[in-house]
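Taking it in order: structure first as structure tokens, then the write-up.
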Amino acid sequence: MRTSRRGFVGGVSALALASGSTSAFAQKKYDDGVTDTEIKIGNTNPYSGPASSYAAIARTIDAYFKAVNEAGGINGRKIKFISLDDGYSPPKTVEVVRQLVEQDKIFALFQPLGTPCNTAIHKYMNQKKVPQLYVATGASKWGDPKNFPWTMGFQPDYHTEAKIYAKHILANVKDAKIAVLHQNDDYGRDYLGGFKEGLGQETGRIVRTVTYEATDPTVDSQIIQLKDSGANVFFNVSAPKAAAQGIRKAAEIDWKPVHYLNNVSASVAAVMKPAGFDNAQGIITAAYIMDATDKAWDDNAEMKEWRTWMDKNMPSANKGDANHIYGYAVAALMTETLKRCGNEMTRANLMKQAASFQKYRLPLLLPGITVSTSATDFYPIQAVQLQRFKGETWELFGEVMHAEGS
Amino acid sequence: MTSSKKWLWVLIALAFLVPLLRPVLPDIVSDYRLFLVSTMMIAAIAVLGLNLLTGFNGQISLGHGAFYAVGAYTAAVLMDHLNMPYWATLPAAAIVCFIVGYLFGLPALKLEGHYLALATFALALAVPQILKYKWLEGLTGGVQGIVLNKPEAPFGLPLTEDQWLYYYILVVMVLLYWAAANILNSRSGRAMMAIRDYAIAADTMGIDTALYKTVTFGISAAYTGIAGALSASAIAFVAPDSFNFFLSIKFLIGLVVGGIGSLIGSVVGGIFYVLVDNSAQALSTFVKNDLGLQFDLSAYTVFGILLIVLMYLMPMGIVGGVYYLVQNLRSSMRGGRARQQAAEKQPAAR
């Protein structure tokens, strides 16, 4: 019985081979989570809790994949996007990710959000050899293909960005005396670390470092302390609310340093406008992605396409929320990565495709910024461009800057 | 040996045998499910600790997440800096948390009821910030937290990590449960409950209320701290974000849902919390996608509705409710007089 069945199967295969229709048939290789009609992609996001505003990213990604499915899917397969709430709590992330990997048998985990949450599953994902792809955090530890070949970042990391500011200061400001304000957490410290590395032997130029807590109602006293230090450069590592307050306060007490603001707070609507356009003139920041509230992009084709897409797929969403831009762009990258996998839907191939982008143009990135990865470079977007605030918009200047291998 | 005790032994035996079925029924007894049950047991131990304080001693705590965090960090720091084996961290975490709990219990003596609830609330808010403090950063890793290794089965036992973790936590839970049952069944336990029921009367009878209250605080903190230490091993990572304020509320929900002043209730409460927390999300997506209803219910809305329904149907918690049902059934079989007796007995249920 057994032999005859085997013989039968063998016969069929031989027939299939002989008939020459094998090219599509034989190349199909699937890992867990993929069938002829479906690809299961997992995700974790904070739908509840203090960080829940970030969940707009997962909602945008969900809408993006739905739109892709309606248009026929990727190589004939529809994406099943399973996004679970972890409340930005690492133990909960471990729990839901194990559910996704072991129970739901997802093909890959895409855009899990938060530095502590991703840290908690970092080892696990690499032990299980399930891709932890394009993670939503700016920490610098995600591009380590040697030790963690199944994890890849997405956005330029804070470390790199800060290094670029440091280089720019050294090259352009004479006798720089630098004052630093940073949020007292990993995000703030990652920036500070990169900044110091960028200054190299000139770290002594930092004359004052002051921190604030994310929960502080104002940063007024910090700004006054920084002014007192006599600094002529201000490196401002603060989240949107504190950034707006800081810019306003500095103008109020008539402190006019060369002001470098971290990209986290580059939103025109959320920071510059509340701070007062007059107070914000001349501020320098680095950017890699377009700001929907910046009028400079109103006539841009990609921005127009995004607006139409938003009207159609997420009509009730606030278009001023930068998370929608971010979610759209990263979902586009994931879709392209899956497309490039063709019919070889294995996890190894997914990582291989993710690591072989050559200057790929992703919608809504700044002109001239592209996605490049390689077997040793797991930082997809590494370029930023400096921009200066003028009037009511950002004005790009200088070249697109690439970080030299970090 | 009463029938309820027999059932307890059967349950424990089952709890020990079921994971061994993993090779036979890999889909049902999966590593993920064992891990989930492990987290339930950890929650149960933490709720048990809170129950000793709130249920049996009448002191309200909204801040047990703080002791959980201290336990977890004690274990993590010892493993990370001193390379201590994971099992040796449990007594250390228990001792550290006992001391912290005892010291916190001293000022708590002056505070009753709502004031104590507020003071413990402040503790729960403060601890994650303290963990980030720069003087402690070298030890705690600051906001980055500490990444640990998962415990592996010793002596070459043919168990997976999750199976081993399950047994490890199960043994700890059974031991702690046994210890708690014995404490409560002793002179000290009766003193604890006497204080809960009527502090002045207890004082008059010669019970040192201050001592008992502070020591109970310490023991309660030690239990919750052990749960924290176990979670550090199970999750293999600690960070201040892991111990947000909602954790303390979670223990309180487990306590109330399981049954205040009931040991079995603590275990039920811990299991309930993890189970419902997980299924609430599945239920909310089910309502939206499969039933096609237009309500965009968040998981927490579902969770809240479930809680309200449960509190309405079983105001004494699950264990109290089940006990009440069983008594009712029995007495309706025996007739009216017994029913009356059961109704009188009910308030003392545990």
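Derivation of every value follows stated rules applied to the coordinates shown; laboratory data play no part. Because the structure is a prediction, the values reported are computed rather than measured. Every residue, glycine as well, gets a Cβ built from its backbone with ideal geometry; the counts of neighbours run over all protein chains shown.
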Net charge around A:Leu338, counting only other residues with Cβ within less than 13 Å of its Cβ (Lys, Arg = +1; Asp, Glu = -1)?
+4
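Which order results if B:Trp178, A:Trp150 are arranged by neighbouring Cβ count within 10 Å, fewest first?
B:Trp178, A:Trp150
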Quote the charge dipole size of the protein assembly as shown about the Cα centre in Debye, to the nearest 20; the model charges only the Cβ of Lys and Arg (+1) and of Asp and Glu (-1).
1900
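Expressed as a rounded percentage, what relative contact order does segment A:210-312 have, with Cα pairs under 8 Å and six or more residues apart?
On the way: 112 pairs, mean separation 23.0, N = 103.
Dividing the mean separation by the residue count of segment A:210-312 yields 22 percent.
Could you please report the charge total around B:Thr140, scoring K, R as +1 and D, E as -1 over all other residues with beta-carbon less than 15 angstrom from its beta-carbon? Show your work: numbers first, answer last.
On the way: positive: A:Arg189, B:Lys132, B:Lys134; negative: A:Asp185, A:Asp186, B:Asp80, B:Glu137, B:Asp241.
Residues close to B:Thr140 contribute a combined charge of -2.
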With θ taken as phi - 60° and the coefficients 6.51, -1.76 and 1.60, list the Karplus ³J(HN,Hα) couplings across segment B:305-320 in order, rounded to whole Hz; mark glycine and proline as x.
4, 4, 4, 4, 4, 5, 5, 6, 7, 10, x, 8, x, 4, 5, x
Considering amide H positions built from the backbone, and no H for Pro or chain starts, which residues 5 or more places from A:Asp157, or on another chain, come under 5 Å of its amide H?
none
Give me, ordered by chain and number, the residues 5 or more places off A:Ala355 or on other chains with an amide H under 5 Å from its own placed amide H.
none
Taking H as built 1.01 Å from N, whose amide H comes closer than 5 Å to the amide H of A:Lys80, not counting residues under 5 places away?
A:Ile39, A:Lys40, A:Ile41
Quick one: A:Tyr360, B:Tyr115, A:Tyr165, fewest Cβ neighbours within 10 Å first, how do they rank?
B:Tyr115, A:Tyr360, A:Tyr165
Expressed in nanometres to one decimal, the distance between label points 7 Å along Cα→Cβ at B:Arg334 and B:Asn185 is 2.2
Candidates B:Ser231, B:Ser30, B:Ser332: whichever shows maximal mean-square fluctuation once chain B is modelled as a Gaussian network with Cα springs under 10 Å
B:Ser332
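Just the number, please: percent antiparallel of the DSSP beta bridges in the protein assembly as shown, rounded to the nearest 5.
On the way: 17 of 49 bridges.
Given both bridge residues lie in the protein assembly as shown, the antiparallel proportion sits at roughly 35 percent.
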Length gained, A:Tyr30-A:Asp299, 0.36 nm per residue minus C-alpha separation, equals 92.6 nm
Residues of B:30-39, mean number of Cβ from any other protein chain within 10 Å of their own Cβ, rounded to a whole number?
3
Before anything else, pin down the relative contact order of chain A: Cα pairs under 8 Å, at least 6 apart, normalised by residue count, whole percent.
16
Pick out which of A:Met314, A:Met272, A:Met125 has the largest mean-square fluctuation in a Gaussian network model of chain A, springs linking Cα atoms closer than 10 Å.
A:Met314
Burial ordering of A:Asp298, B:Asp31, A:Asp144, A:Asp86, fewest other beta-carbon atoms within 10 Å first
A:Asp298, A:Asp144, B:Asp31, A:Asp86
Loop-located GluC sites (Glu not before Pro) in segment B:74-161, at most 14 other Cβ atoms within 10 Å (DSSP)
B:Glu112, B:Glu152
Put a dot 7 Å past each Cα toward the Cβ at B:Leu211 and A:Ser221; how far apart are the dots in nm?
4.5
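Hey, can you rank B:34-44, A:201-211 by average C-beta count inside 10 Å, highest first? Walk me through the intermediate numbers first.
Numbers: B:34-44: 24.0, A:201-211: 15.2.
Going by the mean number of other Cβ atoms within 10 Å, highest first, we get B:34-44, A:201-211.
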So if we plug the beta-carbon distance of B:Leu17 and B:Glu152 into 1/(1 + (r/R0)^6) with R0 = 30 Å, what FRET efficiency do we get, rounded to 0.05?
0.85
At 7 Å along Cα-to-Cβ for each site, give me the label-to-label distance between A:Thr37 and B:Ile95 in nm.
6.3
Could you tell me what percent of the DSSP beta bridges with both partners in chain A are antiparallel, to the nearest 5?
30
Relative contact order in percent for segment B:116-174 (Cα pairs under 8 Å, 6+ apart) equals 16
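Can you pull out the GluC sites (Glu not before Pro) in segment A:307-406 that DSSP calls coil and that have at most 12 other Cβ atoms within 10 Å? It would help to have the intermediate numbers written out before the result.
Numbers: sites: A:Glu336, A:Glu344, A:Glu392, A:Glu395, A:Glu399, A:Glu404; in loops: A:Glu392, A:Glu404.
Hits after loop and neighbour filter: A:Glu404.
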